[in-house]
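What follows is a short report on a single structure.
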Amino acid sequence: MSPNDDPMEMNDLGDDFVIEDEELPVQEKTEIHEAPWKVMIVDDERDIHMLTRMVFRRVQFEGRPLEFLSAYSGEECERLLEENPDVAMILLDVVMETDDAGFQTVRRIRETLDNNQVRIVLRTGQPGMAPEESVILDYDINDYVSKTEPFNRLLTSVITGLRTYRDLKARRQLDLASALEEHLFTRKFPELEGYDLHARTQSAYETGGDFFEILPISNHETLVVLGDVSGKGLSATLYVSAVLSMIRAQVECFKSVDRLDQIRPIEMLKVLNRLLIKTLQRGKFVTMFIGILDSESHSFRFSSAGHCAAFLCQAGETPKALKGEGMVCGLCGEPFDQAASEESVEMPKGSWIVINSDGLTEANNVRGEVYGDEAYMNSFSDVPAGSNAKEVTAVIWDQVMDHLERGALSDDCTLVCISREP
């Protein structure tokens, strides 16, 4: 490898990496906001550390520079990796304290440390010691590079390795989010005499920000919540988990002091808003609709935090919009409290209430046509009289999916339904 090789000859690495112009004055360089990619150099020759740092000093990948850590033995490499689990790549010498030190270090990284995300490029000054193909297959490494090869060859390996690490990390985050999401939502809907409750949700991607909760709070009252956290992926799922925990904690607090009869949707939203202001990242917010069904008085009390309207429907009657005037949660305190309101409606026999996230009404088909509020409300008339909550949900949901024409969802979709027997 020579520092005089021209890195700008590389033309097959895509547009994700940049080598900064050496003539660019320091004060004019773009400020870096994201954390650098951590790359560990493991070699018992100090010159190799110095040379590698020098030739990579202006390389960036996806707007992030490389930050180098140095280890001079396999043992030191393992210690540094335990201290820095976010190392993306290791440039690992084969021959150090022993002739196969590099190979043994790879094995301990994968098996003992159980780190299968970090990408490893083996480097050697004696390429004839081990066949390249067998090393890559046997030791889960990205590449096997001779120290005498040009800079371009190592650059290709590093950029390819960083891409792989990025994708593996993203996949792991999605897997974690999916596993968490599996345990978040109600799986068995409560049984309530004279009523039926059902919900359905589907994320546009592997995970999403929609959530719902259907929670009995007394022998005749049931809490019904539907909300939408801004954003997608693992961060949104973690916020969903936090919001649901806050909701359940409020119920438990009232239960512990035997005051479940004092739970009100508007007060729950005010408490949630104060907590979310302290929890959410700047610019994040949550829309939410909270209702309490009373099967004795047949009333439904509700409050909304910037969420789309719910609807009370009955065969032959015009749907009644249940829309609060509240603001979204997580952005401000006193204005939220002032805007919050609570209303109550009676549920006649044979009626049903549907609460949805905006993903249903904003669903786009393959021609870019939006489903819309009108089509959503028109679907109510196709619900047969006397339908239970599951049947109502199926009719409305299927019409949204028909509109998509087998296209992919552009946003998360969630629908909750409460029906009263005729």
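The values are calculated or read from the model by the stated rules, or taken from the named source; none is laboratory data. If you're wondering where the values come from, they're calculated on a predicted model, not measured in any experiment. Cβ sites come from the backbone with ideal geometry, for glycine too, and all protein chains shown count toward neighbours.
One table, with the values for the structure above:
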read-out	value
Test result for Pro335, surrounded by fewer than 17 Cβ atoms within 10 Å (Cβ to Cβ), assigned to a helix (DSSP H, G or I), assigned by TED's automatic domain parsing to the domain that holds Ser203 and at pLDDT below 95	yes
Tally of residues being in contact with a Lys or Arg (Cβ under 7 Å, 6 or more places away or on another chain), charged (D, E, K, R) and in a strand (DSSP E or B) across region 63-83	1
Single unsatisfied condition, Thr279 versus (1) out of contact with any Ser or Thr (no Cβ under 6 Å at 6 or more places or on another chain); (2) over 30 Å from Ser235 (Cα atoms)	(2)
Scan of region 388-402 for residues that are surrounded by 18 or more Cβ atoms within 10 Å (Cβ to Cβ) and out of contact with any helix residue (DSSP H, G or I) (no Cβ under 7 Å at 6 or more places or on another chain), ordered by number	Ala389, Val392, Thr393, Trp397
Single residue of region 250-309 satisfying the filter (within 23 Å of the chain's Cα centre (by Cα) and aromatic (Phe, Trp, Tyr)) that is modelled with the highest pLDDT	Phe289
Filter result for Gly368 (at positive phi, in contact (Cβ under 8 Å) with a residue 60 or more places away in the chain, part of a loop (DSSP other than H, G, I, E, B) and assigned by TED's automatic domain parsing to the domain that holds Ile266)	no
Selection status of Val240, among the β-branched types (Val, Ile, Thr) and within 22 Å of Glu343 (Cβ to Cβ)	no
Flag for Val240 being out of contact with any helix residue (DSSP H, G or I) (no Cβ under 7 Å at 6 or more places or on another chain) and either in contact (Cβ under 8 Å) with a residue 60 or more places away in the chain or buried (at least 17 other Cβ atoms within 10 Å of the Cβ) (or both)	yes
Which listed residue, of Ala249, Ala305, is of a type in the set (Gly, Ala, Ser), assigned by TED's automatic domain parsing to the domain that holds Thr222 and within 30 Å of Asn388 (Cβ to Cβ)	Ala305
From Ser297, Ser218, Ser245, residue being of a type in the set (S, T, N, Q), assigned to a helix (DSSP H, G or I) and surrounded by fewer than 17 Cβ atoms within 10 Å (Cβ to Cβ)	Ser245
From the options Val392, Val345, Val370, Val416, residue that is over 23 Å from Phe212 (Cα atoms), among the β-branched types (Val, Ile, Thr) and modelled with pLDDT of 90 or more	Val370
Criterion (surrounded by fewer than 20 Cβ atoms within 10 Å (Cβ to Cβ) and among the small types (Gly, Ala, Ser)) met by exactly one of Ala363, Ala385	Ala385
Options Met96, Met89: the member that is under 15 Å from Ile41 (Cα atoms) and part of a loop (DSSP other than H, G, I, E, B)	Met96
